[in-house]
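Before any comments, here is the structure.
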Amino acid sequence: MNTRNLCLSAFFASIALLRSVSCADELTPINELLPVAESGRETIEFNEAWRFARFGLMPDGSQLAEPKRLESPLLDDSPWRLLNLPHDWGIEGPFRDDLPNRTGKLPWAGIGWYRKSFSSSESDAGKRVFIEFDGSMSGTTVWLNGEYVGEWPYGYSSFRFELTDHLKPGETNTIAVRLDNKPESSRWYPGGGIYRNVRLVKCHPVHVGHWGVTVTTPKITEENAAVQINTQVEGANDSTEVQHEVRAAASSEVVANKSGANCTIQIDNPKLWDLETPELYVLKTTIIQNGVVVDVVETTFGIRTIEFDADRGFLLNGNLIRMNGVCQHHDLGPLGSAVNTRAIERQIEILQAMGCNAIRTSHNPPAPELLELCDRMGMLVQVEAFDCWKSGKVPNDYSLHFTDWHEKDLRAMVRRDRNHPCVVMWSTGNEIREQNNEAGHAISRRLTEIIHAEDPTRPVTAGCNKPAAGFNGFEKTVDVFGYNYKPHLYQKFRQTHPRQPLYGSETASTVSSRGEYFFPVSNDKSKGSGGWFQVSSYDLSAPPWANNPDIEFAAQDKFPSVFGEFVWTGFDYLGEPTPYNNDATNLLNFSDPQARERMEMELKKLGDNIPPRSSYFGIVDLCGFPKDRFYLYQARWRPQLPMAHILPHWNWPNRVDKVTPVHVYTSGDEAELFLNGNSLGRRKKGEYEYRLRWDDVVYQPGELKVVAYKQGKRWAEATSKTTADAAKIDMSADRSTIEADGQDLSFVRVQVSDNEGLLVPRSDNRIQFAIEGPGEIIAVGNGDATSHQSFQAMDREVFNGLCLVVIRSRKGESGEIKLTAKSEGLQSAQITVKVKKSLK
């Protein structure tokens, strides 16, 4: 199936065609002297100075009765905690042994109340006033001045409620928000609280509706681009006029303009959005009522074409692009689920350094900040809606709400995100249990229809783990088919469906712990576990349903029409610590009854009180430190980057004269390995071979060195040395200057080194931190999935030589932050981060 027509379809059905306004000829720029109504749009950040309290399940495991009438404006909430949003109450801990590790062993379940009092001006009379939530976890109910406003159960949806009828202009108003975050509602750590941004929006009665501007680019040539605009205007009448201006995002110069609610603007010499140069435009939509400007909305968009072709693959602007993608859960490691733009940006930077160019938002709609950053940084995104439909996976999951809410949630997802050029696919679900029955197929067809109605320009897909889903008719309910962990079925699917695009919607699921290596090294994927609930970083270990990366690479090379993959996962995340995960939903991955029975027995052996609380799947650990696997993917995804990487580390005092295999990841095609200057032989990659192995190396302390070659020419080299004892602390910040906006972050890498500055790989020293100046430590971590130390502590044991400190600026305070790190027996360290006045 060639989906070019689908993906480049020109026009949406008109959302609200104004009777008095039609597309007109080109206009001169909108007159800046046109009077502006005092009652025009006002958007207010609504994150500061909330009061918060918890009830029901408490962090320590006790129960606290929830009082009645907590929504009342008469309630004295002054004893409640004062905080700013976004806020994740779960990440505050404590970690508890009695909580399930599949959801992070953190106390995120419970009832939370947020209250905020604010002044409304007299001028708010006659306006329409809304509160917008980018997401709150979960079961949200909102009151204003004690009056019910609305509710939204899904914790990942963005939504808004109108406050107009309950607002008291000129008086103090009190908004109250109740969240009911039920236990056993997630298969991973969901967080808890109003964890995304909130806004108060005041509008003239005639205004652009919520997510009311839609932009598509149905026809693009080198000379010009047609930009189709559809505008939904609320309260419009015969005196309403709609005008549009387009400018390049990096410029204030207007490049085109037009009037009309639904019209097409021609842009000459368009700059296309692509991965290397993600050019963006801004559409300014102005609503004029009786000659007065009453509303202005800006919409960022990009000009680009996408095409999914069964034979060629994915094409962006006509150029073939392989999707080198990863799946990402929504938490930000030690920061939890609370959204922070810089933390997301850092994750994307690390992924791009590896060669990643695509993200699957598994398994839910993302924070809008993720998509804004992907627009700006040049990343492709598959936006996913649900982890289940009617048939649930855990007792209190989305299946309880699917019947009543799936259409609202799905339309909200698409309407919010359809102007982002980075978004190239919509996914209706992940490993949903209805893949093998006709009722499920009917649901899938309906979900696809809903998305097509909202956005006919992008294909619909789903992540399928059932082999039969590719052949029983389910595959016909989506446009692009994705298999989870089925590289052995790529050939059969292509032969059976020669015209339907195919990709790996979830691949590999290799597991490893950064810096951990166990012996003997086995190619048996089930034998990499060892130590204190760690997994070997030889990158050969995987759960029964999954594979190491090499197997997936080979399948894609054999069948290049598979247009790419989304590896599980880019970063480690909280929860799901497979292979030490006692989550019974693991059984859903098995089609073979005997294999399922064996896995069930393994789960029973694990029991309930095993310590790991975060995943081992990440290519990058929970703190953002690359594991060895990072370099295996980098070698494949950035073949033109000269690089070589050796594993394991070379500190093995107990392995002298013992066989200690050495693997090399390189973008070269062959390499020679040296131990203390002696050649251990030159290896060349064979067909479908992606790592170079010296499996018979006998350990001697000293230096390993590899020299890589490409097409016979010297390409790259790397060394790994036996270090001396730990002697000092070294620190480096990812950014030495941050803004004083109270949100900007600096991530400080803390390393235990020997006197030469080499990382001491097996060190576990405890580091104490102190901070001075206009900033605060908001999180510490070390990437150890078994650690139950608080993320909010002022000290941290390093894990295999490394830990992380996250520093946040204080709003409105500039100057220098000084971070000091000390540890008994080590030379201390200090680092300075400058805080400049924010322009925000």
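The values are calculated or read from the model by the stated rules, or taken from the named source; none is laboratory data. It should be emphasised that the depicted structure is a prediction, and the values quoted were computed from it without experimental measurement. Cβ atoms come from the backbone with ideal geometry, glycine included; neighbour counts cover every protein chain shown.
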> Can you spot a residue in the range 39-59 that is in a loop (DSSP other than H, G, I, E, B) and more than 32 Å from the chain's Cα centre (by Cα)?
Replying inline: yes
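Table: residues versus (1) in a loop (DSSP other than H, G, I, E, B); (2) surrounded by fewer than 19 Cβ atoms within 10 Å (Cβ to Cβ); (3) under 25 Å from the mean Cα position of the chain (by Cα); (4) at pLDDT below 95.
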| residue | (1), (2), (3), (4) |
| --- | --- |
| 749 | no, yes, yes, no |
| 764 | yes, yes, no, no |
| 789 | yes, yes, yes, no |
| 806 | no, no, yes, no |
| 813 | yes, yes, no, no |
| 840 | yes, yes, yes, yes |
>> Need pairs with beta-carbon distance below 9 Å; first residue assigned by TED's automatic domain parsing to the domain that holds residue 314 and closer than 26 Å to residue 215 by Cβ and within the range 457-486, second in a loop (DSSP other than H, G, I, E, B) and basic (Lys, Arg); sequence gap 6+ or separate chains.
In response: 457/418; 458/418; 479/458
> For the subset of the range 492-503 comprising residues that are of a type in the set (D, E, K, R) and not in a loop (DSSP other than H, G, I, E, B), which member is nearest to residue 315 (Cα to Cα)?
Replying inline: 494
>> Among the residues of the range 481-515, what is the count of those that are among the basic types (Lys, Arg) and more than 30 Å from residue 628 (Cα to Cα)?
In response: 3
>> Show me the strands (runs of 3 or more DSSP E) found entirely inside the range 197-271 where at least 1 residues are crowded, with 20+ Cβ neighbours inside 10 Å and either at pLDDT 95 or above or in contact with a helix residue (DSSP H, G or I) (Cβ under 7 Å, 6 or more places away or on another chain) (or both).
In response: 198-203, 207-220, 224-234, 240-248, 262-268
> So which of 741, 730, 725 ends up being assigned to a loop (DSSP other than H, G, I, E, B) and either crowded, with 19+ Cβ neighbours inside 10 Å or under 33 Å from the mean Cα position of the chain (by Cα) (or both)?
Replying inline: 741
>> Quick check on this structure: which one of 340, 317, 324 is polar (S, T, N, Q) and within 22 Å of residue 462 (Cβ to Cβ)?
In response: 324
>> Any residue that is closer than 30 Å to residue 581 by Cα and assigned to a loop (DSSP other than H, G, I, E, B) - is there at least one of those in the range 164-181?
In response: no
>> For the range 426-448, give me each residue that is within 26 Å of residue 315 (Cα to Cα) and either out of contact with any strand residue (DSSP E or B) (no Cβ under 9 Å at 6 or more places or on another chain) or not assigned by TED's automatic domain parsing to the domain that holds residue 387 (or both).
In response: 445
> Among the listed residues 388, 422, which satisfies the condition of being under 23 Å from the mean Cα position of the chain (by Cα) and more than 30 Å from residue 217 (Cα to Cα)?
Replying inline: 388
>> On the basis of being part of a strand (DSSP E or B), under 30 Å from residue 429 (Cα atoms) and without any contact (Cβ under 8 Å) to a residue 24 or more places away in the chain, does residue 112 make the cut?
In response: no
> Which of the residues belonging to the range 489-511 are in contact with a helix residue (DSSP H, G or I) (Cβ under 7 Å, 6 or more places away or on another chain) and within 15 Å of residue 544 (Cα to Cα)?
Replying inline: 507, 508, 510
>> Restricting to the range 295-309, name every residue that is charged (D, E, K, R), under 30 Å from the mean Cα position of the chain (by Cα) and not in a loop (DSSP other than H, G, I, E, B).
In response: 298, 307, 309
>> The conditions are (1) over 18 Å from residue 102 (Cα atoms); (2) among the acidic types (Asp, Glu); (3) at pLDDT below 95; (4) in contact with a helix residue (DSSP H, G or I) (Cβ under 9 Å, 6 or more places away or on another chain), and residue 608 fails exactly one of them. Which is it?
In response: (1)
> Which one of 724, 718, 671 is in contact (Cβ under 8 Å) with a residue 40 or more places away in the chain and not basic (Lys, Arg)?
Replying inline: 718
> Considering the range 309-334 alone, what residues qualify as being of a type in the set (Phe, Trp, Tyr) and either surrounded by fewer than 19 Cβ atoms within 10 Å (Cβ to Cβ) or assigned by TED's automatic domain parsing to the domain that holds residue 91 (or both)?
Replying inline: none
> Given 397, 331, 375, 311, which one is touching a residue at least 24 places away in the same chain (Cβ under 8 Å) and touching a helix residue (DSSP H, G or I) at 6+ places or on another chain (Cβ under 9 Å)?
Replying inline: 331
>> Of the conditions (1) crowded, with 20+ Cβ neighbours inside 10 Å; (2) closer than 16 Å to residue 571 by Cβ, residue 301 satisfies every one except a single condition; which number is it?
In response: (2)
> Inside the range 272-294, can you point out the residues that are of a type in the set (Val, Ile, Thr) and in a loop (DSSP other than H, G, I, E, B)?
Replying inline: 277
> Out of all the residues in the range 397-436, which are over 30 Å from residue 280 (Cα atoms) and touching a Pro at 6+ places or on another chain (Cβ under 7 Å)?
Replying inline: 401, 405
